[in-house]
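Enquirer: Below you'll find the structure I mean.
Values in this text are rule-based calculations from the coordinates and carry no lab data. The model shown is predicted, which means the values in this text are computed figures rather than measured ones. Here the Cβ positions follow ideal geometry from the backbone for every residue, glycine too, while neighbour counts run over all protein chains shown.
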């Protein structure tokens, strides 16, 4: 069973759709495309395992902001990355208020886009895992697992003064929360083995250790306890 979520690319420019589709598929993702927000909306409920939508903002007909609003209203875990025109920071901030996870300005660097997608896919997968843990706990399943959810864009805006907080402050807050959740999750999967965890995260071991120190995470907590002799 493929554990990677499906990625949907929404853009009225065929060149952009083809470019992103080829790159995302090369990175191992399953990809579907739509040439308009209307087409994308009609595909959402009929696309199994859909996890992330990468959408342009400026499109004929319904725009990307409206698409973001509609899909987040009915699919709270579905993640959205928006593509804006150069210098449209206010539009990007509005998209985050509507629940988008990230944004990039056109013309974007393809490597920057792939990194943004990887972060967002991991966010989606962590939320799905947390939902499973919570469901297990609610029916009397095993306890002790990490079940804290990372904040969504809406959570951050709910906690912040949206009239005074800058985009940079809000994104930093989300990034730090997600980073800590991801580190603890990967450590848990590898039972505190820093080398194995760093390999899965595709991060140099020394940098991985630096990240653990930054977030005050003790890897030994996740290692199996030795039985007293």
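Enquirer: Ratio to report: Rg/Rh of the stretch 18-58, with Cα atoms as the point set and Rh obtained by the Kirkwood method; give two decimals.
Expert: 0.95
Enquirer: Can you tell me, using C-alpha contacts under 8 Å and at least 6 residues apart, the relative contact order of the stretch 1-79 as a whole percent?
Expert: Relative contact order for the stretch 1-79 comes out at 34 percent.
Enquirer: Could you line up 15, 120 from fewest to most neighbouring Cβ atoms inside 10 Å?
Expert: Ordered by Cβ neighbours within 10 Å, fewest first: 15, 120.
Enquirer: A further question on this structure: Please compute the modelled spin-label separation between residue 105 and residue 90, points set 7 Å along Cα→Cβ, answer in nm with one decimal.
Expert: 1.5
Enquirer: Distance between Cα centroids, the stretch 177-220 to the stretch 63-82: provide it in whole Å.
Expert: Here the two parts' Cα centres lie 30 Å apart.
Enquirer: For a protection proxy built on the mean count of beta-carbon atoms within 10 angstrom, sort 28-35, 79-86 highest first, please.
Expert: Peptide ranking by packing, descending: 79-86, 28-35.
Enquirer: In square nanometres, what is the average projected area of the Cα convex hull of the stretch 1-115?
Expert: With the hull built on Cα positions only, its mean projection is 6.7 nm².
Enquirer: What is the pair-distance distribution P(r) of the stretch 82-125, computed from all Cα-Cα distances in 10 Å bins starting at 0, with each bin given as a whole percent?
Expert: Calculated over all Cα pairs of the stretch 82-125, the distribution is 29, 53, 18, 0 percent.
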